[in-house]
Protein chains: 4
Amino acid sequence: MPREAADVSTVSKSQKSREAILESAAKLFRRQGYSATTLRQIADLAEIQAGSIYYYFDSKDAILDEVLDEGLRRVFNGVKLRLKQAGDASHRQKIALAIEAHLVALHDASDFTSANIRIYGQLPERLKSPHRAIRRAYARYWDRLLSDAQKAGEIRSDIELIPLRIFVLGALNWTVEWFDLSKKDAVQKLARRTESIIFDGVKR
Amino acid sequence: MPREAADVSTVSKSQKSREAILESAAKLFRRQGYSATTLRQIADLAEIQAGSIYYYFDSKDAILDEVLDEGLRRVFNGVKLRLKQAGDASHRQKIALAIEAHLVALHDASDFTSANIRIYGQLPERLKSPHRAIRRAYARYWDRLLSDAQKAGEIRSDIELIPLRIFVLGALNWTVEWFDLSKKDAVQKLARRTESIIFDGVKR
Amino acid sequence: MPREAADVSTVSKSQKSREAILESAAKLFRRQGYSATTLRQIADLAEIQAGSIYYYFDSKDAILDEVLDEGLRRVFNGVKLRLKQAGDASHRQKIALAIEAHLVALHDASDFTSANIRIYGQLPERLKSPHRAIRRAYARYWDRLLSDAQKAGEIRSDIELIPLRIFVLGALNWTVEWFDLSKKDAVQKLARRTESIIFDGVKR
Amino acid sequence: MPREAADVSTVSKSQKSREAILESAAKLFRRQGYSATTLRQIADLAEIQAGSIYYYFDSKDAILDEVLDEGLRRVFNGVKLRLKQAGDASHRQKIALAIEAHLVALHDASDFTSANIRIYGQLPERLKSPHRAIRRAYARYWDRLLSDAQKAGEIRSDIELIPLRIFVLGALNWTVEWFDLSKKDAVQKLARRTESIIFDGVKR
DNA sequence: TATGAATGAGCATTCATTCAT
DNA sequence: AATGAATGAATGCTCATTCAT
């Protein structure tokens, strides 16, 4: 099973097929859910034969696994990267950046992230459990962000942080259900609006 | 097709089976999604034979249709009923009551409401479209609530109301993904917390 | 899953389908082996649809299981029944009867027995192991038959009994590979000839 | 298609791969049967790629063909060679040697012979027919052996030879189903025992 | 001399649906 | 009012086979 790119400059044909499968799967999973998506649909969208999928993946489950993984990693990396560039911003600014990066990853960065958000809740245990670890890590990352802000007095001390984190991420994640991706700068605007509602609510 | 209760005092056996099917379906749709749920699973949970389902419903789609409908109507009615009892409360108090009623319907009132919230987004057009009307009506109901509050000066005038409504309902709906229903009064607490975060953010 | 006949006089339609599947499977397994036989072939021969097989059986493996079981039980019961009727025959006569009964079961009693003989050796462990117990019981039954004969002096004392049993059963079983079932009384003739060679040998 | 050895002293790499395929196939056919064996399994065992098999063979059928052929020729040659060395032995001694040579070929000489014995009966006509000729020739060879013995008075005149030949070869062939190859001299012992039963019988 | 990539027909199995009773 | 029996289209998956390189 070919997993390494042959080269830096050249993307092997094989690599391309593999990615086409993954991207098609992500798109369909996102729109229709996991069990409503057939391998034949994935193959059609990737412009290969259904049987060929098994050259690259062991099973439909294995495709989902990779889609789910890729999805969360893109969000996580997007947020971490943005905050690394933040320098000495205030806590509120940092959280604002995290909100924007989370939303950008959700809406710009292909279907992987939104597929993850949308379908995870309805998956059977067997498919969920491999992803618990990263999900928890991402939650802890936000908890630290919020906790630092609270310690610095930028979030009221009577706010419980874990419900707050759930509330914030929930509000962000729900945007994939209705948000229109087409307009330029719309994500930035959405981010600022969201931050404003949340923050002016939690500040002392 | 038997749709009317035979009597006010007695619930006919037939009526009971029909409801058992609906409740079983709602529970399973909520947990597993629509297409991952089989008629056999629904029949098992309702303690009847799979074939018997067709005595009450024309198709799997028809069951979903009713589950979806029931789900949103319960939320809508719950909210309307609560506000009718509100009397001359302030706008903020009215919205707080609406939030609580929405959450109560979502978490207390069986699986119909949460099934609706969870699976609607992944359904094919054919299954979504019959429900657009009520959904829009419910959205307009909230829009009026928020708009009245804004006119009365209880919401900042620079806040755009439609994004606000989406944000608020999104935050509420997302709670079905993680909220633990078991604890008493937990829903009330959640409602107050949510209202506080949102409101102290939007108030002037 | 319906397993009991509804009645003594009437064979239910359901029971008939179940048996038709089993008989078709036995015939095809015998001729082509297990893995070369498709469910579609079984269904065609049983004059039902392939999907309908799953109303009666959980899997192809489950069909094989029952075919295998039925096959050996028919031989075993056939031999036991014949010997019960034998009364006070000599040991050699008893063994002669056992040989005949084994051959009759193998050739007359449908395809179950010969399917069992023919395909067992090439089956994967998973399919073999449930049948080890009966097979061993049948082997022990023959061992006792031969051992009694030896104790009574009707078999030379220098003959090792286990290799002898294997030899005898092997010679009998092999007949399914070439024997023509069509002629009347052919099985009886074959049985007598086999018994004669085994007991008396071929030398003058 | 490379079929000739390049050289007497050197076995070309190509030749080695070809033989590795054949040997792997024989081993797997013997254990699992023809249709349960995949080209991928054969390739794995031969330590090449599945696609490469087609450099040496036209099809799976073609591999079987050669395995089958090789198998019977090894038995046939083994028996002929042994009898050529026999000199002026008695007929019974000659048959004893044939029995031993047949068993040696079956158990010592790799998987080709036992694969042939085990799977031939379940093969479709198309795969059987090319091998009828050699099989018949081998049968005739045994018939002559037995007929000579009968003419010389070493086999009772009332024994029909063709059923006898089938019986004897059947008894020998069946040993592949159960015989343990590991012990030294076990085959010789088995051969002597078999010859004794056939010639002298088991009675005292 | 050999292989990586892909194919497509076919497989066991599932499932919504039907219908005589 | 309900079911047992059956269907057939579709699903995830396998596998012998092909072919450019």
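The values are calculated or read from the model by the stated rules, or taken from the named source; none is laboratory data. Only a predicted model underlies this, so the values are computations on that prediction, with no experimental measurement involved. Every residue, glycine as well, gets a Cβ built from its backbone with ideal geometry; the counts of neighbours run over all protein chains shown. Surface accessibility is based on the protein's heavy atoms, side chains included, excluding ligands, DNA and RNA. Shrake-Rupley method; radii C 1.70, N 1.55, O 1.52, S 1.80 Å.
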Residue hits (segment B:116-152; among the hydroxyl-bearing types (S, T, Y) and in contact (Cβ under 8 Å) with a residue 24 or more places away in the chain) are B:Y120, B:Y138, B:Y141
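Listed here are the residues, each with its yes/no results for (1) of a type in the set (V, I, T); (2) under 15 Å from A:T113 (Cβ atoms); (3) more than 13 Å from the chain's Cα centre (by Cα).
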| residue | (1), (2), (3) |
| --- | --- |
| A:T37 | yes, no, yes |
| A:I42 | yes, no, yes |
| A:L68 | no, yes, no |
| A:R74 | no, yes, no |
| A:V79 | yes, yes, no |
| A:A86 | no, no, yes |
| A:H91 | no, no, yes |
| A:E100 | no, yes, no |
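Within segment B:32-47, count every residue that is within 12 Å of DNA strand E (Cβ to nearest atom) and among the hydrophobic types (A, V, I, L, M, F, W, C).
4
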Counting only residues that are under 17 Å from the mean Cα position of the chain (by Cα) and not small (G, A, S), segment D:128-151 contains a total of 11
Taking segment D:11-67 and keeping only residues that are within 14 Å of another protein chain (Cβ to nearest Cβ), assigned to a helix (DSSP H, G or I) and either near DNA strand F (Cβ under 9 Å from one of its atoms) or of a type in the set (S, T, Y) (or both), one is left with D:R40, D:Q41, D:A50, D:G51, D:K60, D:D61
Exercise. Can you find a residue in segment B:50-67 that is more than 16 Å from DNA strand E (Cβ to nearest atom) and either out of contact with any helix residue (DSSP H, G or I) (no Cβ under 7 Å at 6 or more places or on another chain) or open to solvent by less than 30 Å² (accessible area, probe 1.4 Å) (or both)?
Worked result: no
Taking segment D:182-196 and the residues there that are surrounded by fewer than 16 Cβ atoms within 10 Å (Cβ to Cβ) and touching a residue at least 12 places away in the same chain (Cβ under 8 Å), the one that is nearest to the other protein chains (Cβ to nearest Cβ) would be D:R192
Taking first residues from segment B:41-55 that are free of Cβ contacts under 8 Å to residues at least 60 places away in the same chain and second residues anywhere that are open to solvent by 90 Å² or more (accessible area, probe 1.4 Å) and basic (K, R), the pairs with Cβ under 9 Å that are 6 or more apart or on different chains are B:A50/B:R40
Out of (1) surrounded by fewer than 14 Cβ atoms within 10 Å (Cβ to Cβ); (2) under 16 Å from the mean Cα position of the chain (by Cα), the one A:N116 does not meet is (1)
Checked segment C:143-158 for anything within 20 Å of C:L72 (Cα to Cα) and either open to solvent by 60 Å² or more (accessible area, probe 1.4 Å) or away from chain D (no Cβ under 13 Å) (or both); matches are C:D143, C:R144
Practice item. Looking only at segment D:127-142, decide whether some residue is more than 27 Å from D:L161 (Cα to Cα), within 14 Å of chain C (Cβ to nearest Cβ), more than 11 Å from DNA strand F (Cβ to nearest atom) and modelled with pLDDT of 95 or more. Key: yes
Checked pairs for segment D:14-40, first farther than 15 Å from D:D65 by Cβ and in contact (Cβ under 8 Å) with a residue 40 or more places away in the chain, second in a loop (DSSP other than H, G, I, E, B) and of a type in the set (S, T, Y), C-beta under 7 Å and 6 or more apart or across chains, list as D:G33/C:S35
Of the listed residues (B:F199, B:F179, B:F167), the one being in a loop (DSSP other than H, G, I, E, B) and facing another protein chain (nearest Cβ under 9 Å) is B:F179
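Scan segment D:101-117 and tell me whether some residue there is facing chain C (nearest Cβ under 10 Å) and out of contact with any strand residue (DSSP E or B) (no Cβ under 8 Å at 6 or more places or on another chain).
yes
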